[in-house]
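Structure, as structure tokens:
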């Protein structure tokens, strides 16, 4: 079974000066955004015809379907296919296709569903689960499990209907916590816009190396792929690479050599918290990508090294949990809020550090 998440393939021709083309946004949100600003000399033209001449491989039916699904916005509002573009109109085309597009096979994978209605799914993802199939992870992912879940709800679902669920954002394989999935095109469009506008509440809990001078702060530094090691990401404070990224942090509890913090995201770049914390000298505890899987702060005594190794054995991944998620419901417009408990591995390693600190104080 092939699930195609793209009602409208986005391949833009190089155009004349009538259109200003902005870069596709590279974030962990799976919506790739294209923005077109119409030139002052543009004659009135139906939007479906306008887009047909500018999007490679697009048919009029696909474009009209995307417009009906509110995947095409003009001046931040949905329009009809017969809308006529005019000078200075700002057209936004959303593409909900994953960059790792592949065949998705429904699999009976246990899911911790915290909430579900006709429009959205809220899932508490365990550490170790990949969100979407890709190279090296063709199955066993959260999306495979969701496909099975939807088919169990309605065995008569057709392939075209099943493709109408989709990821609005992602969290890393070894990050646990809350993730929202949309079950309709309209829900995907409205949720994607909230993520793009930075209006979604996202609060993470992290255990990081080192002690902080201040109780709270804000990290502002672009995040993008590492210039040499392409599987890694890096922070670029001067903005020479990557995309803008903002993380707010607050100290929750201090354990001398490590600190429990909350992180609130304004943006959602891949590995953002992990990269930002590394930038300010506080890599996540046991983060094997960004230097947290060795002793960063503490003593040279063998007993301390054994204690840290025991902690690594308890929490065998970077200590990061997506605890809270809040947004406006895509259908009702009402504020909704979801919370999740820390997983056992993080609770255990935090308690171990708490006891260690108390023993040192005695």
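Throughout, read-outs are computed from the coordinates displayed, never taken from laboratory work. Everything numeric in this text was worked out from a predicted model, so none of it was measured. Cβ sites come from the backbone with ideal geometry, for glycine too, and all protein chains shown count toward neighbours.
Fewest first, what order do 311, 263 take by the number of other Cβ atoms within 10 Å?
311, 263
Give the separation of the Cα centroids, segment 261-299 to segment 219-247, in Å.
With segment 261-299 and segment 219-247 each reduced to a Cα centre, they are spaced 13 Å.
Order of 176, 199, 81 from fewest to most other C-beta atoms within 10 Å?
Listing 176, 199, 81 from fewest to most nearby Cβ atoms yields 199, 81, 176.
For the pair residue 241/residue 254, report the inter-label distance in nm, with labels modelled 7 Å from Cα in the Cβ direction.
It is 3.5 nm.
Please work out how much length the chain gains when fully extended from residue 65 to residue 347, using 0.36 nm per residue of separation minus the C-alpha to C-alpha distance, in nm with one decimal.
This chain segment gains 96.8 nm when fully extended.
Within 10 Å of each residue's Cβ, count the other Cβ atoms and sort 328, 193, 323, 360 from fewest upward.
Lowest count first: 360, 328, 193, 323.
If I model a spin label at residue 297 and residue 40 as a point 7 Å from the Cα along the Cα→Cβ vector, what separation in nanometres do I get?
5.7 nm
Just to be sure I understand the model, the point goes 7 Å from the Cα along the line to the Cβ. What's the resulting residue 88 to residue 329 distance in nm?
3.8 nm
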